[in-house]
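Working notes, structure below.
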Amino acid sequence: MKLKNKIAIITGASSDIGADMSKRFVEEGATVVMLGRNLKSLEKARASINGNAVSMACDIMNNSQVLSTIDQVVDQYGKIDILVNNAAKINDAIHFHQMKDSDISDLINTNILGTLNITKAVISKMLDNKSGAIINIGSISSERAIPRVHLAVYSATKAAVSMFTKSIAVEYARKNIRCNCLNLGIINAGMIKPYLEDSQARKVLEERQPLNKIGDPEDVSKAAIFLASDDARWITGTILNIDGGKSASEG
């Protein structure tokens, strides 16, 4: 077991990727604290996990909630070994000038400020424990603009997450806290799932991928397990693309 006796926090844990990650972390021996704003959704995701997983409602944009939740985790388990910043929002692919100001603020607050809030709270506990692994979930949209897919603000927030990853990695390296980022391509999860139910639409997307297939949540989870484990003890500040080769191609 790669994560035996580790205490892991996963945000956005009721999402397809968050739920799969929670399940697989538990299978690797971790105790997982599943965070999200909707406790009912978290409990539904937790029901499929056979092992040590607990649900805690927490809005990562509410700093007082974050601090209270992190204190609660440490009081209950004594430490935090792993943080996965999976919680995020994405907007409908509309032109930037057509976006509502409230939607822009929501993306920035969730994807950037929310990530900063919980990372700050967790790092203070990792410093006490003299070790830790942080994994941020990013997007290849942070590296390249996709023609006819209008995601300017989302892409900007994920670019911020990439630079935050590198900065935290360097700042806390001497404190034995590692920080890495998984930049995702098209994964069969969330908003893309209904689209992929159309066999023709799926075929078109698959043909655009160098590996000729769409990623699954487990592809993300397995990479996260590696980066969270001691197998990756000399890896920090890395942006790992989980995209079937898409970011390396021209198309």
inquiry  = For the stretch 60-95: of the residues being surrounded by 15 or more Cβ atoms within 10 Å (Cβ to Cβ) and within 11 Å of Val153 (Cβ to Cβ), which is nearest to the chain's Cα centre (by Cα)?
reply    = Lys89
ask   = Of all residues in the stretch 96-114, which are surrounded by 15 or more Cβ atoms within 10 Å (Cβ to Cβ) and either part of a loop (DSSP other than H, G, I, E, B) or in contact with a Cys (Cβ under 6 Å, 6 or more places away or on another chain) (or both)?
value = Met99
Complete set of residues in the stretch 195-217 that are under 15 Å from the mean Cα position of the chain (by Cα) and surrounded by fewer than 16 Cβ atoms within 10 Å (Cβ to Cβ) = Asp216
remark   = the stretch 115-231: helices (runs of 4 or more DSSP H) wholly inside it with 3 or more residues that are modelled with pLDDT of 95 or more, within 22 Å of Glu27 (Cα to Cα) and touching a Phe, Trp or Tyr at 6+ places or on another chain (Cβ under 8 Å) are 217-228
request  = Answer yes if at least one residue in the stretch 50-59 is surrounded by 22 or more Cβ atoms within 10 Å (Cβ to Cβ), more than 21 Å from Leu182 (Cβ to Cβ), in contact (Cβ under 8 Å) with a residue 12 or more places away in the chain and of a type outside the set (D, E, K, R), and no otherwise.
outcome  = yes
ask   = Which residues, taken from the stretch 79-95, are at pLDDT below 95 and either acidic (Asp, Glu) or in a helix (DSSP H, G or I) (or both)?
value = Asp92
query = Is it fair to say Ile123 is surrounded by 18 or more Cβ atoms within 10 Å (Cβ to Cβ) and farther than 22 Å from Ala169 by Cα?
reply = no
request  = Can you run down the residue pairs with Cβ atoms below 8 Å, 6 or more apart or on separate chains, where the first is in the stretch 204-227 and basic (Lys, Arg) and the partner is part of a helix (DSSP H, G or I)?
outcome  = Arg208/Lys246; Lys213/Glu206; Lys222/Arg24
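The values are calculated or read from the model by the stated rules, or taken from the named source; none is laboratory data. Since this is a predicted model, take the numbers as computed values, not measurements. Virtual Cβ from ideal backbone geometry, glycine too; neighbours counted across all protein chains shown.
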